[in-house]
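Okay, structure first, notes after.
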Amino acid sequence: MTGARRRPLVSGNWKMHHDHLAAIRTMADLGLRLDAEDAARVDVSVHPPFTDLRSAQTVMEDRSVPVFLGAQHCHHRDEGAFTGEIAPPMLARLGVSYVIVGHSERRQHFGQSDEDVARTLRAVQRHGMTPIICVGETGEEREQGATEERLTAQVTASLGSAGGLTASAIVVAYEPIWAIGTGKTATAADAQQACAHIRAVAAGCIGQEAADQMRVQYGGSVKPESTSELLACPDVDGVLVGGASLDAASFADIVHAAASGAPRR
Ligand code: 13P
């Protein structure tokens, strides 16, 4: 199956930026810039901090902004004595559709393990949301030629450890750590090679048919100018955008670039 047959997913990860007032402004601005034509061609998700979710959701609904609400992380339990954590059903109740799981910043700074990623993505699916599972190598691993080995280990640990997965509702984001927030985007050829490898490893875990349906995003210093080339790669089905998603104009430009290369449906 070629990339053109999978509907692109453009996701904006705001990380720890924008309070709820900035979120209201940004979402309203996005609503003025995105239109039905975009929605006919690509899926768009916006992932604000937890404290913004309710405000963002209200603006989205009031103004029919054609985006899905997303979250950046959650715990794998439904409730309990876990101070400071957010449970999957809390997100589902707010209308969240996509949850980023295992972002490299959670793995690096908060010690999130592969086991926790595997548990959390299943918890997200149990509550009817789609996990965006992040994988990617460090600069050092890349220099050592260990990129594919790292990706194999992360994808296998996430998808292959146990059952309980709805294979069709999985997104994987290839985010090389050396490209995040550095201004260094992977070349389209590198992104294609890594995303194709992720799909091949996923096929061994969830079956070829499900892996063919699975969307694989690229993330790491994506800009409006680099979007079309990345999305032209057969195995790159979308982008996960950090810095360039904070500004509605640049994020909308990324969505437009993605939409211009995608069929209407
Ligand atoms: P940047 O686009 O700022 O490099 O961030 C990428 C990222 O980590 C998205 O999750």
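The values are calculated or read from the model by the stated rules, or taken from the named source; none is laboratory data. The shown structure was predicted, so the numbers you read here are calculated from the model rather than taken from an experiment. All Cβ positions, glycine included, derive from the backbone under ideal geometry; neighbour counts span all protein chains shown. With ligands, DNA and RNA removed, areas are computed over all heavy atoms of the protein, side chains included. Shrake-Rupley method; radii C 1.70, N 1.55, O 1.52, S 1.80 Å.
Here are the numbers for the structure shown:
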item	result
Residue within segment 48-55 that is assigned to a loop (DSSP other than H, G, I, E, B) and either at pLDDT 95 or above or surrounded by 15 or more Cβ atoms within 10 Å (Cβ to Cβ) (or both) present	yes
Single residue of G261, G207, G183 found to be more than 16 Å from the ligand (Cβ to nearest atom) and on the phi > 0 side of the Ramachandran plot	G207
Whichever residue in segment 14-46 is within 22 Å of Q192 (Cβ to Cβ) and either out of contact with any Gly (no Cβ under 9 Å at 6 or more places or on another chain) or outside any loop (DSSP other than H, G, I, E, B) (or both) and, among such residues, is least open to solvent (accessible area, probe 1.4 Å)	D43
Per-region count, segment 72-102, residues over 26 Å from T156 (Cβ atoms) and either β-branched (V, I, T) or touching a residue at least 60 places away in the same chain (Cβ under 8 Å) (or both)	3
Residue list for segment 76-94, restricted to those being crowded, with 16+ Cβ neighbours inside 10 Å and touching a helix residue (DSSP H, G or I) at 6+ places or on another chain (Cβ under 8 Å)	H76, I86, P88, L91
Residue, most open to solvent (accessible area, probe 1.4 Å), within segment 103-134, restricted to residues that are without any contact (Cβ under 8 Å) to a residue 40 or more places away in the chain and charged (D, E, K, R)	R126
